[in-house]
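Undergrad: Below: one structure in structure tokens.
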DNA sequence: AAGTGGTCTAGACCACCGT
DNA sequence: CGGTGGTCTAGACCACTTC
């Protein structure tokens with residue numbers, strides 16, 4: 001059972017997507033939502049906070065909550081942790097598994113995972129495509145002792161849905177380091193680009209709720225097809 | 001007067017920076033902070049939420065709040081909107097104004113600012129350096145009618161502190177689009193790189209609290225010296 | 001079972017926007 | 001001035017971790 005504030009957030013988000021507030025661009029007041037959904041005002045505020053963080057609405061004290069123009073659909077939204085399918089819903093998202101093996105952590109992986117060299121890890125290399133355009137090449141390592149089981153079939157689909165729903169893994173938080181570098185020959189080939197073209201790289205470190213690292217990955221993105229979006233408030 | 005939850009957050013942040021919790025990596029409990037600072041538990045929770053979003057701590061239900069390893073000091077933290085000085089506190093941050101003029105919005109700027117072509121804007125081109133290394137080249141436009149006044153001297157320092165503190169501008173939120181591309185010859189020269197090297201670009205759009213765009217900028221970052229960090233929770 | 005964070009409520013009062 | 005979001009409180013109960 002998902003908490004009330006999430007349910008309310010989803011309801012309001014659906015309304016926004018269905019252009020319910022198109023005339024004025026203004027949402028209902030917090031009190032109105034509280035009455036409508038039979039919850040307290042604080043619960044409504046937590047729900048709206050989620051939508052603010054996603055970049056869907058903005059709040060003006062004394063005035064109301066307003067829908068933002070969301071030209072956002074072509075970007076990877078850095079607020080949403082889920083992955084491509086949710087960023088590009090309604091578009092064709094494809095995954096090709098290029099390599100899958102059970103191996104052990106080398107120096108670099110052990111360093112990134114803060115584990116010992118030789119720790120058993122699953123290694124997965126995948127090519128992601130959106131609307132038939134190469135999108136990114138992704139090298140991932142998962143700690144075998146923490147994820148219990150993984151196979152090639154699972155990696156064809158959403159690995160994270162499997163971890164969350166089937167393995168009941170308690171995924172907590174993630175760091176992403178974003179930078180640019182030269183594209184190497186192998187990735188250039190896969191992305192349909194040239195060696196030494198620019199590449200947009202993301203080094204991802206994923207933690208369980210208890211702070212243990214169970215997954216590190218590096219994604220090399222097609223510099224023409226991929227842009228990332230970060231929305232910020234001043235309050236932070 | 002800053003709200004209580006911010007003050008509490010700052011206090012706890014100072015404690016973290018001073019290694020007060022180093023032995024166990026564990027913060028006090030929420031109830032303990034509530035007693036210590038004479039506030040309600042919800043206020044403590046809002047304070048801790050800020051620290052979570054900054055990536056300083058993580059929460060484990062039933063267990064406590066724990067300090068994260070913060071190797072984060074070499075990155076531009078995408079959570080913090082303030083700018084280089086706060087990301088690289090303790091390091092030498094320098095700004096060289098390369099160009100400053102009062103002009104009017106051309107097609108591209110008008111499009112990005114969602115204003116009419118010909119709207120008066122300040123244009124500023126700046127080179128940023130950290131520890132004497134070229135860091136980024138930044139092209140900014142500010143709507144003259146919204147920022148009232150700007151001059152070259154102000155742009156040498158923190159433009160945003162001036163807007164916030166002196167002009168009392170109500171800055172609300174910002175979008176940043178992050179991508180990679182080839183470095184052009186002019187920026188390569190300024191950054192001490194070669195033409196067609198990779199570049200890490202950020203297109204920034206800044207809004208007042210009422211939703212009006214008053215600043216757009218494009219930063220071209222040195223791909224060897226700049227990495228950006230985004231920390232995420234699952235809750236979003 | 002005890003400790004600790006997560007959700008939720010009802011209500012008070014303040015700060016800001018618009019008329 | 002009334003309307004609306006922003007801050008804050010005190011307290012209840014739940015969910016999870018730890019012993």
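Undergrad: List the equivalent ellipsoid semi-axes of chain A in whole Å, largest first, each obtained as the square root of 5λ for an eigenvalue λ of the Cα gyration tensor.
TA: Square roots of five times the eigenvalues give 37, 22, 16 Å.
Undergrad: Counting pairwise Cα distances across the range A:1-134, what percent come out greater than 20 angstrom?
TA: Distances greater than 20 Å cover 61 percent of the Cα pairs.
Undergrad: Label-to-label distances across copies for residue B:192, with labels 7 Å out along Cα→Cβ, in nm, shortest first?
TA: 3.9
Undergrad: Hey, what does the equivalent ellipsoid look like for the protein assembly as shown, semi-axes from the Cα gyration tensor as sqrt of 5 times each eigenvalue, largest first, whole Å?
TA: 33, 31, 25
Undergrad: Below 8 Å between Cα atoms, with a sequence gap of 6+, how large is the relative contact order for the range B:82-213 in percent?
TA: So the answer I get is 20 percent.
Undergrad: How do A:1, B:17, A:113 rank when sorted from fewest to most other Cβ atoms within 10 Å of their own Cβ?
TA: Ordered by Cβ neighbours within 10 Å, fewest first: A:1, B:17, A:113.
Undergrad: Same structure, new question: Could you put A:2, A:136, B:217, B:40 in order, starting from the residue whose Cβ has the fewest other Cβ atoms within 10 Å?
TA: Least to most surrounded, the residues fall as A:2, B:40, B:217, A:136.
Undergrad: If you don't mind, another one. Quick check: pseudo-label points 7 Å beyond the Cα along Cα→Cβ at residue A:69 and residue A:166, how many nm apart are they?
TA: Here the answer is 4.4 nm between the modelled labels.
Undergrad: When the distances between all Cα atoms of the range A:4-70 are binned every 10 Å from zero, what whole-number percent does each bin get?
TA: The calculated distribution, bin by bin, is 22, 62, 16.
Undergrad: Taking the label point as lying 7 angstrom from Cα along the Cα-to-Cβ axis, what are the distances from residue A:156 to the corresponding position in the remaining copies, in ascending order and in nanometres?
TA: Spacings between copies for this position, smallest first, are 6.5 nm.
Undergrad: Next question. Report, to one decimal in Å, the Kirkwood hydrodynamic radius for the range B:127-228 based on all distinct Cα pairs.
TA: This gives a value of 14.8 Å.
Undergrad: With 10 angstrom as the radius, rank B:133, B:225, A:221 by how many other C-beta atoms surround their C-beta, starting from the fewest.
TA: Final ranking by Cβ density, sparse to dense: B:133, B:225, A:221.
Undergrad: Contact order normalised by length for chain B, with contacts defined as Cα pairs under 8 Å and 6 or more residues apart; what percent is it?
TA: 16 percent.
Undergrad: List the distances, in nm to one decimal, from the label point of residue B:25 to the label points of the same position in every other copy, shortest first, placing each label point 7 Å from Cα along the Cα-to-Cβ direction.
TA: Ordered by increasing distance: 4.6 nm.
Undergrad: Quote to one decimal, in nm, the extra length available between residue A:40 and residue A:194 on full extension: 0.36 nm per residue of separation minus the C-alpha distance between them.
TA: Fully extending the segment from residue A:40 to residue A:194 adds 49.8 nm.
Taken together, the values in this text are just the output of simple stated rules run on the coordinates, not laboratory data. From a predicted model like this one, the values you see are computed outputs, not experimental measurements. Here the Cβ is made from the backbone with ideal geometry for all residues, glycine too, and neighbour counts use every protein chain on show.
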